[in-house]
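*Asks:* Sharing a structure with you now.
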Amino acid sequence: MRYRFDEFELDCRTLELRQNGAVVSVEPQVLSLLIFLIDQRERVVSRQDLIEAVWDGRFISDSAVSSRVKSARRALGDDGRQQRYIKTIHGRGFRFVAELSEDSSQTEVPQQVAAPREAPPSSIAVLPFNNMSAESDQAFFADGLCEDIITMLAKIPGLVVAARNSSFVYRDQAVDVRQVGRELNVATVLEGSVRRAGDQLRVTGQLIDASTGEHLWAERYDRPVEDIFALQDEMTREIVSALQVSLSKGMGDKARLIGSGTRNFDAWEHATRARYAMFSNDRHAIRSALGLAGQAIELDAGYAAAYTCLAFAHWKEIINGWSTAPAESARAAKEAATRAVELDPENADTLVILAYLSVIGARHDDAMRFAARALARSPSDPTVLGCAAYVDLYSDNAVRAPDLARRGFNSAGQEGAFYLAIEAAAHYVNRNYDKAIACAQETLQADSSYAAANLTIALSHVENDRLAEAQEWIAKALSTNPSMRISTFSQATDYADPETVKRIRVGLRRAGLPD
């Protein structure tokens, strides 16, 4: 059977998707999902339906299903906001909604194969390591080890390394490394696993040629957990050797110091737990991150990454309205970020947090300077793209903010709600209220805890003279965060344009948010 819709043709016999006659590179699992949605287009397909059909009923996380739906949309030039082909039915599932025609003939269709991008020979994506420990709460440990290896490899001259947020999109998925190579434009892929039992650690790693699937290197390490830094050094050297990249004398030690920033295992473990908690938008997790980062600093006062994490945690408390003393939180965040820059001036993360804090302090010129420096160093890093979008939004330069935020979202994986929230706010500032509502609703579908998205919807309804709807969304925001007030929200959203500030304050008051 062939299905035709718009400029696309999906051939179920050859398992090929074509656009204007050219083959579109799509992973087989994504094709299976798309075919199932089309076959079942007369009804809403639940997540469990997809798991039964595509994954044979195996245990799969919601984020893995969402990632595959996102990949299918991306292959069709669609996204979660437009939903031209795959529509999300909130709380129920998905449905294929485009008009199509069917052809059961076997006539061959001439093909024009699109020329693939050629990946740099010395390039690598490090996929999230599988947590094989008996305790599920050890996932932070696997992530921390993986992230440090990414940071270490990225410091090696001549080696191109995919950003952490790009490679972590593939978390909890049975991946085809050739597909990963095509999507991230890398020549090699590193997979691994971590098993921690008491004070013992087993780490496995395998380096795979992304064009052929051939194993280039594999190793297993059994060490005490305190030897994790030496293990990281050894893995880095062996990976680099397998890639045949020149590694200057002493680079192993330099890479370790840049990657982890500490020789103290307890400090590393506390900071890694803090960083893992930071990916949540839950106020209790952020409060936990503050404590963990502070403990890491007590254990090693020269640990740059711990200061950066502490600054980010304070910033998250401020922007979410969770801080009871925003000015004090801003001061503490700036002190931590400044210390992080002193210890590691080349780290893009520290430039990002300084840009965020400059916005809060109404130093918009400084914010734009920090964001520009971060973009120059990491132009495709989603964290940097999100920061640049945020800075543009608040610095009276919101025209390009939606595009920057969407580019960050497309590479952000499970942390994508933040980018959608920024895009929604930018549409509001740009007076595109219907787009703002649609994008804010997409934000809440990705993460229902984003109270700020409720406020964007409420403000947009106010501008559209729909006060009843606006009041309903304010009520939802307050149910998520009962302490939210106009005063605290305004302190966390320091726009350069006073008219924008006035429009927000008046809108929130009309919608019913307490002063």
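The values are calculated or read from the model by the stated rules, or taken from the named source; none is laboratory data. Remember, predicted model here, so these are calculated numbers, not experimental data. Note: ideal-geometry Cβ built from the backbone for every residue, glycine included; neighbour counts use all protein chains shown.
*Asks:* Take the residues of region 486-509 that are hydroxyl-bearing (Ser, Thr, Tyr) and part of a helix (DSSP H, G or I): which is modelled with the highest pLDDT?
*Replies:* Within region 486-509, the match that is modelled with the highest pLDDT is Thr500.
*Asks:* Continuing with the same structure: Residue by residue through region 433-478, note down the ones that are closer than 19 Å to Trp322 by Cβ and of a type in the set (Ser, Thr, Tyr).
*Replies:* Thr443, Ser448, Ser449, Tyr450, Thr456, listed by residue number.
*Asks:* Let me ask something additional. Being over 13 Å from Glu99 (Cα atoms), basic (Lys, Arg) and either touching a strand residue (DSSP E or B) at 6+ places or on another chain (Cβ under 6 Å) or assigned to a loop (DSSP other than H, G, I, E, B) (or both): is that true of Arg18 here?
*Replies:* yes
*Asks:* Would you check which residues across region 163-204 are of a type in the set (Gly, Ala, Ser) and either within 30 Å of Ala446 (Cα to Cα) or touching a residue at least 60 places away in the same chain (Cβ under 8 Å) (or both) and list them? Steps first, answer last, please.
*Replies:* Restricting attention to region 163-204, the residues satisfying the condition of being of a type in the set (Gly, Ala, Ser) are 163, 166-167, 174, 181, 187, 192-193, 197-198.
The answer is Ala163, Ser166, Ser167, Ala174, Gly181, Ala187, Gly192, Ser193, Ala197.
*Asks:* Out of Ala340, Ala301, Ala296, I need the residue that is outside any helix (DSSP H, G or I), of a type in the set (A, V, I, L, M) and farther than 17 Å from Asp366 by Cα. Which one?
*Replies:* Ala301
*Asks:* Additional query: Among the residues of region 318-340, is there at least one that is under 20 Å from the mean Cα position of the chain (by Cα) and charged (D, E, K, R)?
*Replies:* Within region 318-340, not a single residue is under 20 Å from the mean Cα position of the chain (by Cα) and charged (D, E, K, R).
*Asks:* Next question, about the same structure. Please state which one of Ala336, Ala301, Ala305 is modelled with pLDDT under 90 and not assigned by TED's automatic domain parsing to the domain that holds Ile422.
*Replies:* After ruling out the rest, the residue left standing is Ala305.
*Asks:* Does Arg47 meet the test of being surrounded by 15 or more Cβ atoms within 10 Å (Cβ to Cβ) and over 28 Å from the mean Cα position of the chain (by Cα)? Before you say what the answer is, go through the steps one by one.
*Replies:* On the way: surrounded by 15 or more Cβ atoms within 10 Å (Cβ to Cβ): yes; over 28 Å from the mean Cα position of the chain (by Cα): no.
No; evaluated as a whole, the condition is false for this residue.
*Asks:* Further question: Hey, among the residues in region 442-473 that are free of Cβ contacts under 8 Å to residues at least 60 places away in the same chain and of a type in the set (Ser, Thr, Tyr), which one's surrounded by the fewest Cβ atoms within 10 Å (Cβ to Cβ)?
*Replies:* Within region 442-473, the match that is surrounded by the fewest Cβ atoms within 10 Å (Cβ to Cβ) is Ser448.
*Asks:* Regarding Ala255, is this residue within 25 Å of the chain's Cα centre (by Cα), under 27 Å from Ala230 (Cβ atoms), outside any loop (DSSP other than H, G, I, E, B) and at pLDDT below 80?
*Replies:* Taking the combined requirement at face value, the residue satisfies it.
*Asks:* Please specify each residue of region 276-322 satisfying the condition of being polar (S, T, N, Q) and in contact (Cβ under 8 Å) with a residue 12 or more places away in the chain.
*Replies:* The answer is Asn281, Ser288, Gln295, Thr308, Asn320.
Table: residues versus (1) part of a helix (DSSP H, G or I); (2) among the hydrophobic types (A, V, I, L, M, F, W, C); (3) buried (at least 24 other Cβ atoms within 10 Å of the Cβ).
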{"position": "Pro379", "(1), (2), (3)": "no, no, no"}
{"position": "Val391", "(1), (2), (3)": "yes, yes, yes"}
{"position": "Leu420", "(1), (2), (3)": "yes, yes, yes"}
{"position": "Glu423", "(1), (2), (3)": "yes, no, yes"}
{"position": "Asp434", "(1), (2), (3)": "yes, no, no"}
{"position": "Ala440", "(1), (2), (3)": "yes, yes, yes"}
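*Asks:* Inside region 144-158, can you point out the residues that are hydrophobic (A, V, I, L, M, F, W, C) and either out of contact with any Pro (no Cβ under 9 Å at 6 or more places or on another chain) or free of Cβ contacts under 8 Å to residues at least 12 places away in the same chain (or both)?
*Replies:* Passing the criteria: Leu145, Ile149, Ile150, Met152, Leu153, Ala154, Ile156.
*Asks:* Scan region 260-268 and tell me whether some residue there is crowded, with 20+ Cβ neighbours inside 10 Å, in a helix (DSSP H, G or I), at pLDDT below 85 and more than 22 Å from the chain's Cα centre (by Cα). Give the derivation first.
*Replies:* From region 260-268, those crowded, with 20+ Cβ neighbours inside 10 Å are 260-262, 267-268; that's our starting set.
Filter once more, so that each one left must be in a helix (DSSP H, G or I): 267-268.
Right, trim to at pLDDT below 85 and you get 268.
Pick out the ones that are also more than 22 Å from the chain's Cα centre (by Cα) and you get 268.
Yes.
*Asks:* Can you pull out every residue in region 135-185 that is at pLDDT below 80, over 19 Å from the mean Cα position of the chain (by Cα) and of a type outside the set (A, V, I, L, M)?
*Replies:* Across region 135-185, the qualifying residues are Glu135, Ser136, Asp137, Gln138, Lys155, Pro157, Gly158.
*Asks:* Something else: Is region 188-201 home to any residue that is in a helix (DSSP H, G or I), farther than 30 Å from Leu31 by Cα and at pLDDT below 85?
*Replies:* Checking region 188-201: not a single residue is in a helix (DSSP H, G or I), farther than 30 Å from Leu31 by Cα and at pLDDT below 85.
*Asks:* Of the residues that sit in region 196-221 and are of a type outside the set (Gly, Ala, Ser) and closer than 17 Å to Phe265 by Cα, which one is surrounded by the most Cβ atoms within 10 Å (Cβ to Cβ)?
*Replies:* Val203
*Asks:* If you don't mind, there's one more thing I want to ask. Would you mention how many residues in region 229-244 are farther than 22 Å from Ser123 by Cα and either crowded, with 22+ Cβ neighbours inside 10 Å or over 28 Å from the mean Cα position of the chain (by Cα) (or both)?
*Replies:* Here the count works out to 1.
*Asks:* Can I ask one more? Take the conditions touching a residue at least 12 places away in the same chain (Cβ under 8 Å) and either among the hydrophobic types (A, V, I, L, M, F, W, C) or assigned to a helix (DSSP H, G or I) (or both) and apply them to Gly386. Does it pass?
*Replies:* For Gly386, the condition - touching a residue at least 12 places away in the same chain (Cβ under 8 Å) and either among the hydrophobic types (A, V, I, L, M, F, W, C) or assigned to a helix (DSSP H, G or I) (or both) - is met.
*Asks:* Something else about it: Taking only pairs six or more apart or across chains, which ones have beta-carbon atoms under 9 Å, a first residue in region 495-509 that is free of Cβ contacts under 8 Å to residues at least 40 places away in the same chain and within 17 Å of Tyr390 (Cα to Cα), and a second residue that is surrounded by 15 or more Cβ atoms within 10 Å (Cβ to Cβ) and among the charged types (D, E, K, R)?
*Replies:* Listed pairs, sorted by first residue: Val501/Asp494.
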